[in-house]
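What follows is a set of notes on a single structure, which appears directly below.
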Amino acid sequence: MWQQARSGDTKAFEGLYQATVVSLSNQAFRILKDREQVKDIIQDVFTSLYLRRDELPGDVNISGYLNNAVKYKVSNQLRNKLLKENHHQVLIRQAHQQEVAQPVQLEQHELKTRIARSINTLPQKCREVFMLSYYDNLGYKAIAQEMGISVKTVEKHMSKALQVLRRELKEEHYLGMLLVAMSVYTGL
């Protein structure tokens with residue numbers, strides 16, 4: 001039958017189709033579980049076979065060729081589905097990260113604004129010590145050298161500054177964020 005189909009006999013090609021379509025469809029359906037995808041795969045396999053009939057040798061095991069072609073198409077279908085699902089998962093994860101990041105950025109901005117307002121209420125020396133610690137990431141010893149005062153005085157100014165800031169930033173939320181920020185900046 002393959003020899004006749006190969007030479008262009010459409011009835012022989014149709015007969016080959018009728019003789020193999022059920023087993024090929026069942027083979028694809030066992031894996032894909034989707035009748036429409038199976039129909040598309042079978043159609044692609046037979047269209048490709050018809051278009052390439054002159055390229056294939058006359059003594060090819062056509063049944064084995066068709067089985068392998070279906071396996072190949074099913075594998076491609078599964079791979080494409082997996083890639084698409086992975087791509088969707090990545091997009092969903094990125095969208096979620098952006099949703100999470102936006103409120104955090106707003107909270108950080110709001111915290112910075114509230115801290116700046118609170119810092120302005122500090123006495124001059126306390127403000128200088130706090131700003132060197134918070135904004136310049138200097139340790140107490142470096143601040144003492146920078147300002148020409150003792151480390152003990154720096155500690156007192158920082159203690160007073162943090163006391164005032166705690167009072168100004170009453171809400172636990174802001175206070176917690178301030179303490180986390182301070183521990184990161186000063187290594188407390």
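What follows draws every value from the coordinates through simple rules; no lab data is involved. Predicted model only: the values in this text are computed from it and were never measured. Every residue, glycine as well, gets a Cβ built from its backbone with ideal geometry; the counts of neighbours run over all protein chains shown.
Observations on the structure shown:
- Simple spin-label estimate for Asn86 and Arg166 in nanometres, 7 Å along Cα-Cβ: 5.2 nm
- Length released on extending from Thr10 to Asn68, taking residue separation times 0.36 nm less the Cα-Cα span: 18.6 nm
- Spacing of the modelled spin labels on Ser25 and Lys39, each 7 Å from Cα toward Cβ, amounts to 0.9 nm.
- Where only C-alpha atoms are counted, convex hull volume of the range 1-48 per residue in Å³: 67 Å³
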